[in-house]
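The values are calculated or read from the model by the stated rules, or taken from the named source; none is laboratory data. Owing to the predicted nature of the structure, the values given are computational and were not obtained by experimental measurement. When we count neighbours, we look across all protein chains shown, and the Cβ atoms used for this are built from the backbone with ideal geometry, even at glycine. Just so you know, the surface numbers come from the protein's heavy atoms only, side chains and all, with ligands and any DNA or RNA stripped out. Shrake-Rupley method; radii C 1.70, N 1.55, O 1.52, S 1.80 Å.
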Amino acid sequence: AIDAYTPEYQKKKAEAEAAQKQRIAEAEKAVKDHQAKIAQRATEWETKLPIKSLWTRWHPLTPEKVTASDKSEVEILPDGSVRGKPGVRNLDYLVTGTTKLQNITGIMLEALPDEGNAAYGAGLNANGNFVVTELQAKWTSSADPKKENGIAFAQARADFNQNGFDVKNAINGKVDRSDKGWALAGADPKIPHRAAFQVKTPVAGDPKGAKLSVGVLGRYSNGDYPIGRFRIWVTTDQDALAFEGLPANLAEVVSTPPATRTKEQTAAIHEWVARNDAELGALNAKLYAERRPLPADEKMVALQAALKKAETPVVDDTKLVQLRQDVKMSIEQAANRRLTAAQDLTWALINNSAFLFNH
C-alpha cells in the first residue's frame with residue numbers, strides 16, 4: 001500500500017513545498033517592503049515623542065545566570081533577553097546579573113514576541129499568552145555577598161492588563177495556582193509589552209557592582225501559562241512606573257540633534273521603532289509561520305503506522321506460555337523420579353506445622 005501511494009505522495013509533497021516556497025518569498029518581500037518605511041516612521045515617532053519619555057530611563061540587567069524551577073535549559077539571547085524551553089508547566093525563573101547602579105527605584109519586566117511560539121507571543125502556551133503570578137527580587141553587595149537583601153514592591157503598572165489579571169496581583173505575595181497575576185489576553189502578542197514595578201525603598205546598590213536577582217514566577221492553573229521570553233530592566237529615576245520611558249542609551253540618542261548623530265545612533269532609533277511596530281510584528285509572525293515545517297501527510301502517516309504494527313512480533317498468549325513451561329517441567333520431573341520425590345517430601349516437611357515448630 002505504501003509503494004502504491006508513494007508516487008502520489010511525492011507529487012503532493014513537491015506541490016506543497018513549491019507553494020510554501022512561494023508563500024515564504026511573498027512574506028519576505030512584505031517584511032522587506034515594510035522595513036523600507038521604518039526610517040520615515042522613526043521620524044514620525046520622534047516628532048510625536050512626549051518629553052516625559054525622557055524622564056525615566058531604563059537600563060538592561062544583563063543576565064549572567066538564569067535558572068528554571070524544573071531544571072530545564074534557559075537560553076540567554078544576544079539582546080539580553082531570556083527564553084525558556086517550550087512546554088507548558090509550572091515554571092519559575094531566577095535571573096541574576098550585576099549592576100553598578102545605585103538607589104534603584106524600579107524594575108521592569110518586558111515580555112517579548114518569540115518566533116518559536118505558534119502565535120508569535122511571549123508565552124509558552126500555543127496562544128502566546130502567559131500569567132506571571134509573582135515578581136520577586138533580592139540583591140547582594142560585593143562587600144557582603146552572603147547577605148541577601150529582599151526587595152519589596154509598592155506599586156505596579158503595565159501597558160495592558162487582561163480583564164481580571166491586573167499587574168498589581170503580581171506583587172500581592174501570593175504564589176498559588178489560583179493567583180491571577182499579570183496576563184495579556186486581548187493584547188497584540190506580536191509586539192513587546194511592559195510592566196513596571198516600583199520598589200518601596202530604593203535599592204542602595206554597590207558602586208563596585210551588586211548582584212541583582214529577579215524571580216519571575218508562573219504557577220497559574222496547572223502551569224498552563226508560563227512566560228517564555230522576556231527581559232529585565234532597572235531604573236534609578238523618580239517615576240519608576242513609567243514603562244513608557246526609553247532605554248538609557250536610546251534616550252541619549254534622542255537627546256542628540258539628528259544632524260550630529262552617528263550611523264549607529266540612527267540605527268538604534270530605527271531598531272527601536274521596528275521592534276515596537278505592530279504591523280511589522282504581524283508580518284514577521286506570518287513569515288515565521290510560513291517557514292515552519294509542513295504538516296505530515298495523514299495518509300502516509302497512517303500507512304507507516306499500519307506497517308509498523310504489522311511488523312510487530314506476535315506475542316504468545318500468557319496462559320499458553322505457562323502451560324508450555326509446566327509441560328517442560330513435568331518432563332524433567334518424570335526423567336528423575338527420585339529427585340522429584342525428594343523435592344515433594346521436602347516441600348511437605350517445610351510446610352508441616354510440627355516440623356516448623358521443632359525447627
Long-range neighbours under 9 Å by Cβ, at least six apart or interchain, first residue among the hydroxyl-bearing types (S, T, Y) within the range 6-27, second open to solvent by 100 Å² or more (accessible area, probe 1.4 Å): Y9/K299
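Evaluate the following for A259: is it in a loop (DSSP other than H, G, I, E, B), among the aliphatic types (A, V, I, L, M), farther than 23 Å from T96 by Cβ and out of contact with any helix residue (DSSP H, G or I) (no Cβ under 6 Å at 6 or more places or on another chain)? Steps first, please.
Working: in a loop (DSSP other than H, G, I, E, B): no; among the aliphatic types (A, V, I, L, M): yes; farther than 23 Å from T96 by Cβ: yes; out of contact with any helix residue (DSSP H, G or I) (no Cβ under 6 Å at 6 or more places or on another chain): yes.
The answer is no for A259.
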For W139, which of the numbered conditions (1) closer than 15 Å to L61 by Cα; (2) in contact with a Pro (Cβ under 9 Å, 6 or more places away or on another chain) fails to hold? (2)
Matching option when the condition is open to solvent by 50 Å² or more (accessible area, probe 1.4 Å) and either of a type in the set (S, T, N, Q) or free of Cβ contacts under 8 Å to residues at least 12 places away in the same chain (or both), among E252, E244: E252
Name the residue, out of Q265, Q343, that is open to solvent by 90 Å² or more (accessible area, probe 1.4 Å), of a type outside the set (S, T, Y) and assigned to a helix (DSSP H, G or I). Q343
For the structure I just gave you, tell me whether K146 is touching a strand residue (DSSP E or B) at 6+ places or on another chain (Cβ under 8 Å), more than 29 Å from L280 (Cα to Cα) and in contact (Cβ under 8 Å) with a residue 24 or more places away in the chain. no
Among (1) open to solvent by 50 Å² or more (accessible area, probe 1.4 Å); (2) touching a residue at least 24 places away in the same chain (Cβ under 8 Å); (3) more than 29 Å from G128 (Cα to Cα); (4) in a helix (DSSP H, G or I), T201 falls short only on (4)
For a quick check of your reading: which strands (runs of 3 or more DSSP E) sit entirely within the range 41-84 and have at least 1 residues that are in contact with a strand residue (DSSP E or B) (Cβ under 6 Å, 6 or more places away or on another chain), open to solvent by less than 60 Å² (accessible area, probe 1.4 Å) and without any contact (Cβ under 8 Å) to a residue 24 or more places away in the chain? 74-76
Out of all the residues in the range 323-331, is one or more more than 60 Å from the chain's Cα centre (by Cα) and either within 30 Å of K190 (Cα to Cα) or open to solvent by less than 70 Å² (accessible area, probe 1.4 Å) (or both)? yes
Which of (1) more than 13 Å from P113 (Cβ to Cβ); (2) open to solvent by 60 Å² or more (accessible area, probe 1.4 Å); (3) assigned to a helix (DSSP H, G or I) is the odd one out, the single condition V273 does not satisfy? (2)
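Do we have Q20 as assigned to a helix (DSSP H, G or I), open to solvent by 90 Å² or more (accessible area, probe 1.4 Å) and either at positive phi or at pLDDT 95 or above (or both) here?
Numbers: assigned to a helix (DSSP H, G or I): yes; open to solvent by 90 Å² or more (accessible area, probe 1.4 Å): no; either at positive phi or at pLDDT 95 or above (or both): yes.
Spelling it out, it is not the case that Q20 is assigned to a helix (DSSP H, G or I), open to solvent by 90 Å² or more (accessible area, probe 1.4 Å) and either at positive phi or at pLDDT 95 or above (or both).
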Per-region count, the range 287-322, residues part of a helix (DSSP H, G or I), within 30 Å of E8 (Cβ to Cβ) and open to solvent by 90 Å² or more (accessible area, probe 1.4 Å): 7
